[in-house]
Amino acid sequence: MIIKTFTDESSAAALKRIRKEMGGDAVVLKTRQVAGRDKKTMFEVTACLEKASVARTSEILTDTDTAAGNSPVSQPEPKPQPVREIEPSTRTDTDYLREKIVAIDRKLNQLLSLGIQPDGISRLEMFQKIHRCLKEADLPDDYLEAFISSVTENYDGISDITAVTRQKLAGELEGMIARDVTLDHGDTAVFIGPAGSGKSSVMGKLAASLVAKQRRSVRLLTLDNFKMGAFDEICSYAEILGIEVIDPLKLDTEKASDKDAVTLIDAPAMPFNAEKLKALRSRIEQINPTHTFAVFSFLTRSRDVFEISKRLKELRPTHLVVTMQDLASCYGTAITAVKSTGLKMAFISDAPGGMDDLKSPDPDYLAGMLLGSEVNCE
C-alpha cells in the first residue's frame, strides 16, 4: 500500500495531481488547510493506493513520501513535531533524518486513526471497498472524493463503517430533495428531457395521481410534432382517466377558459440543434409554466448527464424527475443530475410500463441502493 500527501493552492489542483500520479483507483484519506510559505493558505490532500507494482511504487514515491505498512493500534498515538525550516547550506544528515521520521510518523498516525489491526485487517480497507462500490454506482468523481474524505475525517473509529457511510449519504441526499411539490388549480407543468427519458410516462402517472387521489381537474397537451404517435399516446392516457386533451393552437384560449384545471404538457425530445432548442425555449416561455420538470433516466450514465444538463438549462427547468428506477443497477445519475443542474429532485418513478405512482425520493432507500453492491465488491 502506498500513502502519499500532495500540497497545492487548491484541493481541486491537489486532486488533479493525485489522479495523474496515482491513477483513478487512489482513495482520498484526508484533506486539510495548511500554512505554506509566506503564510499563504495551501491545501494538503492525503491519498492511498492499495495495490501497486514495484515499478509503480518507485514512480509514485519521493524522498519525502513513504509506503505504509501495518502498525498495531494498541500503541499510543505519537504527536508529530513541527518541522523547522532549514537553509540548504546548513542542512545536516541529522536534520534530514529528523524530517524523514516526522514524515513517517505523520503517515503512521493517519493509519492508526483508521484502525490498522495487528492481523492486517483494517478499517482503511473497508473505506476503500465502499469507495470502489460508490465509484461503480457512477457517482461523479469530484463529489465522491469529497464525500469519502469527509467520512474518513469524521469517523469516530468505533461505529460500523457501512452504517456511518449510509447515514451520511442519506443526509446528503435529503438536501437534494424538494419536499411537498404540489400542483394547484390553474397550474401548468411542462416535462422536458432527452428522447427516451420517460417524459410522457411521468406526465401520465402525475395525471393519474391528480385525478384519482387529489380529485383535480386535469388537461393534457403535447407539443411534440416529431414523434410518431405522440398525440395518440396522450389521448390514451386521457381516455383511461376520463380527462380532456387540448389543441396546442388553442392553448391560450383553453387556459383562460378553465382556471381550475391543472394543465400537463409533454414537450418534444430536447433538440441538439441550437436553433431548434431556442425555438422550444421560446414556445415554453409563451406558455409561462408554473413548473418545468427536467426528466432524466437512471439508465443514463453520469458523463452523459453533464452534457444533457448544459442544454436543458436553456429551457429553465424548476425541478428534477428521475425515471426507470426498477431497471437500473447504478443510481449515481440522481446525484449527478442534482449537481449538474443545481435543481432538486421532486419525484422518482419506475419504467413506463410500471404501475407505481410517482414517488417522493426516499434518501435512506437511495443511499442503500447506492451502497447495495457493497457486499459484492471484492
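General remarks:
- The solvent-accessible area of THR7, taken with every protein chain present and a 1.4 Å probe, is close to 60 Å².
- Sorting 37-45, 184-192 by average packing, meaning the other beta carbons within 10 Å per residue, from highest down gives 184-192, 37-45.
- 31 Å Cα-Cα threshold exceeded, pairs from LYS100/LYS168; LYS213/LYS278; LYS20/LYS359; LYS259/LYS344; LYS129/LYS199; LYS205/LYS259: LYS100/LYS168; LYS213/LYS278; LYS20/LYS359; LYS129/LYS199
- Nearest-10 value in Å² for the accessible area of ILE308, using the 1.4 Å probe: 20 Å²
- Label-point gap, in nm, between ASP364 and ASP326 - each point 7 angstrom along Cα→Cβ: 2.4 nm
- Chain lengthening between ASN288 and GLU125 when straightened (0.36 nm per residue, less Cα-Cα): 53.4 nm
- Relative contact order [Cα under 8 Å, 6+ residues apart], region 316-360, whole percent: 45 percent
- Accessible surface for TYR155 stands near 30 Å², nearest 10, in the context of the full protein assembly shown (1.4 Å probe).
- Mean Cα-pair separation over length for region 194-346, i.e. relative contact order, pairs under 8 Å, 6 or more apart, %: 24 percent
- Region 261-372, dipole about Cα centre (Lys/Arg Cβ +1, Asp/Glu Cβ -1), debye to the nearest 20: 640 debye
- Rotationally averaged projected area of region 271-320 (alpha carbon convex hull; nm²): 3.5 nm²
- Computed over region 179-246, relative contact order equals 26 percent, with contacts defined as Cα pairs under 8 Å that lie 6+ residues apart.
- By accessible area with a 1.4 Å probe, ligands and nucleic acids excluded, highest first: order of GLU314, GLU239, GLU21: GLU239, GLU314, GLU21
- Debye, to nearest 20: dipole size of region 170-221, +1 on Lys, Arg Cβ, -1 on Asp, Glu Cβ: 360 debye
The values are calculated or read from the model by the stated rules, or taken from the named source; none is laboratory data. Small disclaimer: the values here were computed from a predicted structure and weren't measured. No Cβ is skipped: glycine too gets one built from the backbone with ideal geometry, and neighbour counts run over all protein chains shown. Heads up: the accessible areas ignore ligands, DNA and RNA and are worked out on the full protein's heavy atoms, side chains in. Shrake-Rupley method; radii C 1.70, N 1.55, O 1.52, S 1.80 Å.
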